[in-house]
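Working notes, structure below.
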Amino acid sequence: MSLLPSDKENQACFSAVPARMGCIVLAAGAGQRIGHRPKCLLQLNGVSLLERQLQAMSEVGGAPLVVVLGHHAARIQQEEALTRWAVRTTVNAHPDDGHVSSLRTGLQALPWSLDAVLVALADQPLITAQDVRDLLLAYAHRPEGTHMVQPSVQGLPGNPVIFSGTVAREILAHGPQIGVRQWQAMHPQAVYRWETSNDHYRTDVDSEDDRRSVEASTGQHLRWPMDLDV
């Protein structure tokens, strides 16, 4: 009996997912350029960017799911999406130290024995489960000897990224200044920069101009929840 297209996609994705893959969503930023508000709670057609990421990760079989909070932690923890997608939250005590600090906080919250870790940003409005599937397939077919895959759109780095459990353990074994970019610089031959034309991997919302640009390009509404619409 032939498989339906959706079944083929699911089968391909299932075969590509590492046996033990954890996912980290970074949501610790202050949102300084967008009114000091939590960017991850912007809603695309009524669904928060945080929930969209969690749904995409869950649909492809990512578990455990960890969301790293920092600024606005109390407000984000009110979101029902965290319960709906069985998320573990962890708080970066020093969110102003940037992505490296948040990444390491997330890695410390995951089991030590994972085969792979996928790291996503919470302010990317267009990432879908299919985008994550495509990234996982790129990881499954990465060149021999590479341990990290990062999307590359017209030569520019995108997100999410995925790397082996060995990389995760190496990052944590180094000092607090080592994150993904630093590891890449130390091991350039072990990084597969996967070329793709999909600009979802490059689209994020750091400012009101970004928000308006996403609305203009997609025709979809990107709005704040009522309590943050100030």
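The values are calculated or read from the model by the stated rules, or taken from the named source; none is laboratory data. All of these numbers come straight from a predicted model, not from anything done at the bench. No Cβ is skipped: glycine too gets one built from the backbone with ideal geometry, and neighbour counts run over all protein chains shown. SASA here: full protein model, heavy atoms, side chains in, ligands and nucleic acids out. Shrake-Rupley method; radii C 1.70, N 1.55, O 1.52, S 1.80 Å.
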- Item | Count of the range 156-182 residues which are open to solvent by 60 Å² or more (accessible area, probe 1.4 Å) and either closer than 19 Å to T128 by Cβ or modelled with pLDDT of 95 or more (or both) | 8
- Query: Could you list, in sequence order, the residues of the range 54-87 that are surrounded by fewer than 21 Cβ atoms within 10 Å (Cβ to Cβ), of a type in the set (G, A, S) and under 18 Å from the mean Cα position of the chain (by Cα)?
  - Reply: S58, G61, A63, A73, A81, A86
- Task: For the range 35-46, state whether one or more residues are assigned to a helix (DSSP H, G or I), out of contact with any strand residue (DSSP E or B) (no Cβ under 9 Å at 6 or more places or on another chain) and under 27 Å from T196 (Cβ atoms).
- Result: no
- Right, D210: within 21 Å of the chain's Cα centre (by Cα), part of a loop (DSSP other than H, G, I, E, B) and acidic (D, E) or not? no
- Item | Hits in the range 57-116 - residues which are touching a strand residue (DSSP E or B) at 6+ places or on another chain (Cβ under 7 Å) and aromatic (F, W, Y) | W85
- Any hit, the range 199-207, residues being modelled with pLDDT of 95 or more, among the hydrophobic types (A, V, I, L, M, F, W, C) and open to solvent by 60 Å² or more (accessible area, probe 1.4 Å): no
- Task: Could you please find all residues in the range 127-152 being out of contact with any strand residue (DSSP E or B) (no Cβ under 8 Å at 6 or more places or on another chain) and open to solvent by less than 20 Å² (accessible area, probe 1.4 Å)?
- Result: A129, D131
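Evaluate the range 88-98: report whether one residue or more is basic (K, R), open to solvent by 20 Å² or more (accessible area, probe 1.4 Å) and touching an Asp or Glu at 6+ places or on another chain (Cβ under 8 Å).
No: zero hits.
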